[in-house]
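Where a number appears in this text, it was derived from the coordinates with a stated rule and is not lab data. Quantities reported herein were computed from a predicted structural model and do not represent experimental measurements.
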């Protein structure tokens, strides 16, 4: 007899760190509908003033419209709090999705963390 978990396992891992006072959220896996639960308020914790966050997407292998919506919501929340969100290290396939919907024109995208922190 085989047991099936009631919820599918998460396909996204999140690692948080701080570099020069900037929150760096490194995502690994798939940024899709299931990721909403995993991310919650990770990209923009509620109540934080002028949050500065870099979303490191170098480990993201897949992103769909749910991932786009997660990034848009985090960007809006950061701007409303007089902060910012930047994206770093997006793989070519993920960067292509960002470019197709024009999100790279709204949220600055950088190839490296150093470049994102310098801007």
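Some points to look at:
- Estimated purely from DSSP H runs of n ≥ 4, each contributing -39500 (n - 2.57), the mean residue ellipticity at 222 nm for the chain is -8500 deg cm²/dmol once divided by its residues.
- Angle in degrees between helix 65-80 and the longest Cα principal axis of the chain, rounded to the nearest 10: 30 degrees
- The tail of the calculated P(r) for segment 12-118 beyond 20 Å holds 29 percent of all Cα-Cα pairs.
- Length-normalised contact order for the chain - Cα pairs under 8 Å, 6+ apart - percent: 23 percent
- Mean separation of Cα pairs under 8 Å and 6 or more residues apart, divided by the residue count, gives segment 49-119 a relative contact order of 39 percent.
- Where both bridge residues fall in the chain, DSSP classifies roughly 35% of the beta bridges as antiparallel.
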